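**Student:** Handing you this structure, nothing more for now.
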Amino acid sequence: MNRIYIISLVVVGIAGACEDSQRAGVDVGVGVGVDAGVDAGVDAGVDAGVDAGVGVGEGVDTGEGADAGAGADVDTGPTCDPATCLGTLCAPASCVAGVCMTTMAGPEVGCDDGIACTSDDVCDGAGACGGTVRVCDAPPRVDVRAACAGAATVDVFLGEGCGGACEPATGECVYTPMTLPCPDDSTKLAHTRGWQLALRDGLAKMTAADFEIPLAPMTYDASWYDDPEMVFRMWVASDRNWYGFPSSVGLRQPANLFTLASIEQADGVHGGLSQADVNGMIFWYRWDYPGNPHHGEAAAARRAFVMGAVDLIMIDTQHEPGMLRAQQHFLSGTMNWMSGAYRDGHEHVAACPAAAYRLGLQTMFERLEDWDTNNGNNDMAQPGHLAMYEAAVAMPDPSWLARAEAESREMFTDAADGGYWHEAAGYFDHGVTLDSSYEGITTHMLSAAASASHGS
């Protein structure tokens with residue numbers, strides 16, 4: 001079938017172009033039998049040796065190989081086979097005007113990445129499919145006393161990073177045991193649970209060198225105070241009434257104080273530091289003031305980790321037989337600094353003691369979820385919000401963060417719906433009206449939790 005295409009020609013300074021344009025029966029701008037600018041093997045834009053920028057003139061021959069309807073096969077353009085133009089679920093393809101075209105499925109479109117150890121697979125909007133990697137951080141619990149009856153060793157199980165892993169073939173969690181010596185009379189730290197024994201083992205492997213801190217004075221950086229936000233933070237840190245500036249006592253203690261040999265002595269367990277001292281080490285580790293010589297100091301984070309571990313082990317043992325009242329306000333404040341010590345310290349210690357500490361925190365977390373608050377409403381239970389957040393953000397399983405948020409939201413739910421939010425003005429009452437004492441604690445800790453979790 002003959003095709004006629006109208007081709008725009010530029011005639012540049014050729015005398016008699018109008019007359020020549022009729023030569024050989026070819027009209028100006030008209031080519032017969034030319035498909036997509038190609039005439040019988042002639043390159044697009046060139047007609048029988050004549051440059052497209054010159055025009056149609058001499059040398060045009062409609063004879064051999066250029067006769068209308070005669071000559072070589074005509075190219076019909078790209079072709080597409082629907083049988084092979086398929087794409088993927090996240091990048092589907094189809095034939096469009098003879099071309100295989102790919103589009104991207106929108107985010108959150110369900111798919112299957114073919115990996116057994118992921119779940120809730122969705123497209124990412126860029127053609128890839130992926131899911132949430134299964135976290136294996138819920139190992140079997142071991143009763144050390146029962147397992148060690150008549151035995152020299154005991155197998156304990158930890159989680160991610162230390163024996164907990166997803167089996168690719170099945171998608172199931174598999175926990176490889178950690179074999180430890182059964183405790184003897186020299187074991188002073190509580191050891192009824194597998195994670196307690198494993199955490200103690202991790203502490204035993206740390207030496208004084210892990211806790212050495214090169215002390216240096218804090219320096220003044222005037223540029224830091226150009227930012228009003230930084231000035232306000234300094235005011236909050238330094239004007240804490242009877243508490244004073246965050247303690248540096250923990251930084252100034254000898255390194256061997258944090259070794260297991262100093263903690264476990266013949267007469268029992270020696271912690272050596274107060275909660276304020278541990279909170280102080282966490283503060284100095286985190287405070288990003290340019291004049292703070294201990295910002296990011298790994299040894300400071302390890303010191304806090306060890307003191308938190310000791311308290312975590314011992315308090316858990318007191319909770320179990322009911323030696324402490326099962327109410328949130330008897331755990332919230334303590335868990336606050338134990339969680340902070342884990343969050344900062346777990347990256348600076350070996351994987352197994354970190355995994356063991358994490359299992360202990362999970363136990364405390366679950367207790368805060370289950371226990372009631374003081375007086376049925378709020379008060380001194382509020383540090384638990386920050387404690388749960390601090391613990392959750394350092395957990396490999398993101399579901400812990402959702403649980404921490406759910407617990408906090410309960411406090412802001414109207415009392416008629418089972419929550420504790422009493423006043424539309426934005427404060428929590430203490431039975432009858434605003435109480436600036438205990439409710440000051442409430443406001444302070446909820447504000448801290450909100451600040452810490454902002455943007456998470």
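The values are calculated or read from the model by the stated rules, or taken from the named source; none is laboratory data. These numbers come from a predicted model, not from an experiment. So basically every Cβ, Gly included, is an ideal-geometry build from the backbone, and we count neighbours across all protein chains shown. Surface areas here come from the heavy atoms of the whole protein model, side chains and all, with no ligands, DNA or RNA. Shrake-Rupley method; radii C 1.70, N 1.55, O 1.52, S 1.80 Å.
**Student:** Inside the range 133-184, counting only strands (runs of 3 or more DSSP E) that do not spill past its ends, which hold 2 or more residues that are closer than 20 Å to residue 351 by Cβ, more than 22 Å from the chain's Cα centre (by Cα) and free of Cβ contacts under 8 Å to residues at least 40 places away in the same chain? Walk me through how you get there before you give the answer.
**Tutor:** On the way: elements: 153-156, 164-166, 173-175, 178-181.
Those strands (runs of 3 or more DSSP E) span 173-175, 178-181.
**Student:** Look through the range 125-135, keep the residues that are aliphatic (A, V, I, L, M) and touching a strand residue (DSSP E or B) at 6+ places or on another chain (Cβ under 9 Å), and return whichever of them is surrounded by the most Cβ atoms within 10 Å (Cβ to Cβ). Can you show your working first?
**Tutor:** So the first thing to find is which residues in the range 125-135 are aliphatic (A, V, I, L, M), and the list is 126, 128, 133, 135.
In the following step, the residues that additionally are touching a strand residue (DSSP E or B) at 6+ places or on another chain (Cβ under 9 Å) were identified as 133, 135.
On the way: 133: 13, 135: 19.
Residue satisfying both the conditions and the ranking: 135.
**Student:** Filter the range 311-360 down to the residues that are over 21 Å from residue 159 (Cβ atoms) and surrounded by 22 or more Cβ atoms within 10 Å (Cβ to Cβ), then identify the one that is modelled with the lowest pLDDT.
**Tutor:** 328
**Student:** Right, another one. Kindly provide the set of residues from the range 258-302 that are free of Cβ contacts under 8 Å to residues at least 40 places away in the same chain and open to solvent by 40 Å² or more (accessible area, probe 1.4 Å), ordered by number.
**Tutor:** Correct list: 261, 266, 267, 270, 272, 274, 276, 288, 295, 296.
**Student:** Let me ask something additional. Does the range 169-181 include one or more residues that are closer than 30 Å to residue 269 by Cα and either surrounded by fewer than 12 Cβ atoms within 10 Å (Cβ to Cβ) or in contact with a Lys or Arg (Cβ under 7 Å, 6 or more places away or on another chain) (or both)? Before the answer, list the steps.
**Tutor:** Quick first cut of the range 169-181, residues closer than 30 Å to residue 269 by Cα only: 177-181.
Subsequent filtering for residues that are either surrounded by fewer than 12 Cβ atoms within 10 Å (Cβ to Cβ) or in contact with a Lys or Arg (Cβ under 7 Å, 6 or more places away or on another chain) (or both) retains 179.
The answer is yes, given that some residue of the range 169-181 is closer than 30 Å to residue 269 by Cα and either surrounded by fewer than 12 Cβ atoms within 10 Å (Cβ to Cβ) or in contact with a Lys or Arg (Cβ under 7 Å, 6 or more places away or on another chain) (or both).
**Student:** Evaluate the following for residue 197: is it under 19 Å from residue 299 (Cβ atoms), of a type in the set (A, V, I, L, M), in a helix (DSSP H, G or I) and open to solvent by less than 80 Å² (accessible area, probe 1.4 Å)? Step through it out loud before you land on a result.
**Tutor:** Numbers: under 19 Å from residue 299 (Cβ atoms): no; of a type in the set (A, V, I, L, M): yes; in a helix (DSSP H, G or I): yes; open to solvent by less than 80 Å² (accessible area, probe 1.4 Å): yes.
Considered against the rule, which asks whether it is under 19 Å from residue 299 (Cβ atoms), of a type in the set (A, V, I, L, M), in a helix (DSSP H, G or I) and open to solvent by less than 80 Å² (accessible area, probe 1.4 Å), residue 197 comes out as no.
**Student:** Of the conditions (1) aliphatic (A, V, I, L, M); (2) open to solvent by 50 Å² or more (accessible area, probe 1.4 Å); (3) under 22 Å from the mean Cα position of the chain (by Cα), residue 122 satisfies every one except a single condition; which number is it?
**Tutor:** Condition (2) is where residue 122 drops out.
**Student:** Any chance the range 104-119 includes a residue that's in contact with a His (Cβ under 9 Å, 6 or more places away or on another chain) and open to solvent by 40 Å² or more (accessible area, probe 1.4 Å)? It would help to see each step written out before you state the result.
**Tutor:** Of the residues in the range 104-119, the ones in contact with a His (Cβ under 9 Å, 6 or more places away or on another chain) are none.
Scanning the range 104-119 turns up no residue that is in contact with a His (Cβ under 9 Å, 6 or more places away or on another chain) and open to solvent by 40 Å² or more (accessible area, probe 1.4 Å).
**Student:** From the set of residues in the range 226-244 that are modelled with pLDDT under 75 and within 32 Å of the chain's Cα centre (by Cα), which is surrounded by the most Cβ atoms within 10 Å (Cβ to Cβ)? So that I can check it myself, show each step before the final result.
**Tutor:** As a first pass, look at the range 226-244 and keep what is modelled with pLDDT under 75: 236-244.
So of that shortlist, the ones also within 32 Å of the chain's Cα centre (by Cα) come out as 236-237.
Values: 236: 9, 237: 14.
Of everything passing the filter in the range 226-244, 237 is surrounded by the most Cβ atoms within 10 Å (Cβ to Cβ).
**Student:** Looking at the range 224-240, is at least one residue of a type outside the set (Asp, Glu), touching a helix residue (DSSP H, G or I) at 6+ places or on another chain (Cβ under 9 Å) and within 30 Å of residue 157 (Cβ to Cβ)? Explain how you work it out, then say what you get.
**Tutor:** Start the filter on the range 224-240 by keeping residues that are of a type outside the set (Asp, Glu), which leaves 224-225, 228, 230-238, 240.
Still in the running and touching a helix residue (DSSP H, G or I) at 6+ places or on another chain (Cβ under 9 Å): 224-225, 230-231, 234, 237.
From the residues that got through so far, the ones that are within 30 Å of residue 157 (Cβ to Cβ) too are none.
Within the range 224-240, not a single residue is of a type outside the set (Asp, Glu), touching a helix residue (DSSP H, G or I) at 6+ places or on another chain (Cβ under 9 Å) and within 30 Å of residue 157 (Cβ to Cβ).
**Student:** Can I ask one more? Taking residue 248 as the residue in question, decide whether it is over 19 Å from residue 352 (Cβ atoms) and without any contact (Cβ under 8 Å) to a residue 60 or more places away in the chain. Outline the logic, then answer.
**Tutor:** Details: over 19 Å from residue 352 (Cβ atoms): yes; without any contact (Cβ under 8 Å) to a residue 60 or more places away in the chain: yes.
Judged against the criteria, residue 248 is a match.
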